[in-house]
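S.K.: The following block contains the structure, expressed as structure tokens.
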Amino acid sequence: MDDNVNLVTLNDPQSPAAEAYRALRMNLAFTSLDRALESFVVSSPAVAGMSSDTAANLAVVLAQAGQRVCLVDADLRRPSLHEIFNVPQEPGLTTFMLSNSAAQDVAPVETAVPGLSLLPSGTLPPNPADILGSKKMANLLEQLKGEADIIILQAPPVTVAVDASVLAAQTDGLLLVVRTGHTRRDRIEQAQELLERFRVRVLGT
């Protein structure tokens, strides 16, 4: 893997930023004391949230802690995880969703981080929300749960499309990423209202 400035947890593991991701890992571990998180969505209220960086670095520190992590690029509008991890965009999530393949045929790509696999987005479809809210997507999540300890799904901003809300409703919750000095307060409030409407559990902000 080429050095990528987005992956501070690999390129500068002793930095305050990397330590913050490890703290986030610990905080998530205590969000559900009765049972461990199996899957959750990472999104932002608006484009300036940088949720893809958060999803990628959180996946790295979870894998470094010994967990089997499957990172899924479910942003079918502006995918970026394949660039962060320097892997092909196809085949990916939509390759499976738009074919007659069974869920067990999906093969996430192994990354250079031991224990971390990535399912890229695949080709961008015309109807992302319909795909992410389908029964086939639910079946895929169940299949991936049998192959990993935790699944992290990167999704588009909450206020830009319903994709994140639709997807998060099928998981254990959503981590909302805001960027200080960039994310507007009214966008955060709008995102919270949308997530409440879909009865999405917000794991943290």
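S.K.: To the nearest 10 square angstrom, how much accessible area does Leu124 have with a 1.4 angstrom probe?
M.R.: Spelled out: Leu124, probe radius 1.4 Å, area about 80 Å².
S.K.: Please work out whether the stretch 159-205 counts as rounded, prolate or oblate from its C-alpha gyration tensor, where a ≥ b ≥ c are the square roots of the eigenvalues and a/c under 1.5 means rounded, while otherwise a/b larger than b/c means prolate and anything else oblate?
M.R.: Prolate, because a/c is 1.5 or more and a/b exceeds b/c.
S.K.: Suppose only helical runs count, i.e. DSSP H with n ≥ 4. What mean residue ellipticity at 222 nm does that imply for the chain under -39500 (n - 2.57) per run, divided by all residues and rounded to the nearest 500 deg cm²/dmol?
M.R.: Per the formula, -10000 deg cm²/dmol.
S.K.: Another question, then. Hey, what's the chain come to in accessible area per residue, 1.4 Å probe, Å²?
M.R.: That works out to 48 Å² for each residue.
S.K.: Can you give me the distance in nm between label points at Gln14 and Gln190, each placed 7 Å from the Cα along the Cα-to-Cβ direction?
M.R.: If labels sit at Gln14 and Gln190, their model points lie 4.4 nm apart.
S.K.: Report the equivalent ellipsoid semi-axes for the stretch 69-174 in whole Å, largest first, defined as the square roots of five times the eigenvalues of the gyration tensor built from alpha carbon atoms.
M.R.: Equivalent ellipsoid semi-axes, largest first: 18, 15, 14 Å.
S.K.: In addition: If you roll a 1.4 Å probe over the stretch 111-205 with all protein chains in place, what percent of the accessible area is carbon or sulfur?
M.R.: Solvent-exposed carbon and sulfur of the stretch 111-205 make up 47 percent of the total.
S.K.: Now, a different point. State whether the stretch 12-116 is rounded, prolate or oblate according to the following rule on the C-alpha gyration tensor (a ≥ b ≥ c being the square roots of its eigenvalues): a/c under 1.5 gives rounded; otherwise a/b larger than b/c gives prolate, and the remaining case gives oblate.
M.R.: prolate
S.K.: Sort Met137, Met97, Met26 from largest to smallest accessible area, using a 1.4 Å probe on the heavy atoms of the protein chains.
M.R.: Met26, Met97, Met137
S.K.: Related question: What length, rounded to one decimal in nm, is gained on full extension from Arg68 through to Ala29, with 0.36 nm per residue of separation minus their alpha-carbon distance?
M.R.: Roughly 12.6 nm would be gained on extension.
S.K.: Now, a different point. Amide H of Leu153: which non-local residues (sequence gap of 5 or more, or other chain) have their own amide H closer than 5 Å, using H built in the peptide plane?
M.R.: Result for Leu153 returns Phe40, Val41, Val42, Val72.
S.K.: When a/c reaches 1.5 or more, the comparison of a/b and b/c decides; with that in mind, is the chain rounded, prolate or oblate per its Cα gyration tensor?
M.R.: Judged from the Cα gyration tensor, the chain comes out rounded (a/c under 1.5).
The values are calculated or read from the model by the stated rules, or taken from the named source; none is laboratory data. Values in this document were obtained by computation on a predicted structure and should not be read as measured data. So basically every Cβ, Gly included, is an ideal-geometry build from the backbone, and we count neighbours across all protein chains shown. Surface accessibility is based on the protein's heavy atoms, side chains included, excluding ligands, DNA and RNA. Shrake-Rupley method; radii C 1.70, N 1.55, O 1.52, S 1.80 Å.
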